[in-house]
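Working notes, beginning with the structure itself.
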Amino acid sequence: MGTNFQCVGLTGGIACGKSTVSGLLAEHGFDIIDADQISRELDNDTDYQNAVRREFGQDVFSVDTGKIDRLKLGHIIFNNPLKRRQLDKISHPRIFRRIFVNLFKLKFIQRKPLVVLDAPLLYESKILEWVCYPIVVVYLDDSQKQVMRMIERARKTNTDLTEEEAMRKISTQMPIGIKIKKADILVDNGGTREDLEKKVIDVSITQIYQRLGYIDKE
């Protein structure tokens, strides 16, 4: 994307607080590309809908809205790794294309020098890892706390999620230990929201600027 344009990667485990960190960075002036938001926007894309319909059938579409029913589709891929890979083949190229279009616009049209790419599967995707530096990983040392946060998050959307299901969802992603080893900057979200905010403002943002050479390392 050019030597004067920097794309910072932001990733982490499920329910570890990545989106909260993304929001804090946005509050402090960082432009954010949200891969999850792009994924949700695909639901309104006719080409994507047709591809999903061909692979999964009409049953994964809502009778009321005619749009993809994410709960139905999620249940299918959660219980079938092959179907999950098929959905990835459909969705990932479209998500990546939109990400790179956004990067192009930010660099060449809006003339932004720095952007944060918030992507849960940043490492798993391979291609996104290579365009990001530094990469920030948000994590929890306590797996049980992570599971409880997943269950609470599901409850807020009136969705039932058992501990076993939460653990299985976690197991579908790259182990957090590997992400921690690969990370350039780590954010431990084992404390309160106030603790996390202090870490991001006082430490993580400084580390990002230091890694990019914007400020000297102490």
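The values are calculated or read from the model by the stated rules, or taken from the named source; none is laboratory data. Owing to the predicted nature of the structure, the values given are computational and were not obtained by experimental measurement. With ideal geometry, Cβ positions are generated from the backbone for all residues, glycine too; neighbour counts draw on all protein chains shown.
Just a few scattered comments:
- Residues of segment 56-114 that are aromatic (Phe, Trp, Tyr) and within 26 Å of residue 32 (Cβ to Cβ): 96, 100, 104, 108.
- Qualifying residue in segment 197-205 (condition: modelled with pLDDT of 95 or more, of a type in the set (Gly, Ala, Ser) and either assigned to a loop (DSSP other than H, G, I, E, B) or closer than 30 Å to residue 72 by Cα (or both)): no
- Segment 33-118 holds helices (runs of 4 or more DSSP H) entirely within its bounds, and those carrying 2 or more residues that are closer than 30 Å to residue 212 by Cα map to 35-41, 81-104.
- The lone exception for residue 125 - which of (1) modelled with pLDDT under 95; (2) of a type in the set (Gly, Ala, Ser); (3) surrounded by fewer than 18 Cβ atoms within 10 Å (Cβ to Cβ) it fails: (3)
- Subset of segment 67-98 [of a type in the set (D, E, K, R) and surrounded by 13 or more Cβ atoms within 10 Å (Cβ to Cβ)]: 69, 70, 72, 83, 84, 88, 94, 98
- Restricting segment 150-196 to residues that are outside any helix (DSSP H, G or I) and charged (D, E, K, R) leaves a set whose member that is nearest to residue 133 (Cα to Cα) is 184.
- In segment 119-140, the qualifying residues are those that are assigned to a helix (DSSP H, G or I) and in contact with a strand residue (DSSP E or B) (Cβ under 6 Å, 6 or more places away or on another chain), and the one that is farthest from residue 103 (Cα to Cα) is 122.
- In segment 41-66, residue nearest to residue 102 (Cα to Cα) [restricted to those that are surrounded by 12 or more Cβ atoms within 10 Å (Cβ to Cβ) and charged (D, E, K, R)]: 41
- Which listed residue, of 151, 185, 170, is closer than 30 Å to residue 114 by Cα and either surrounded by fewer than 16 Cβ atoms within 10 Å (Cβ to Cβ) or of a type in the set (Val, Ile, Thr) (or both): 185
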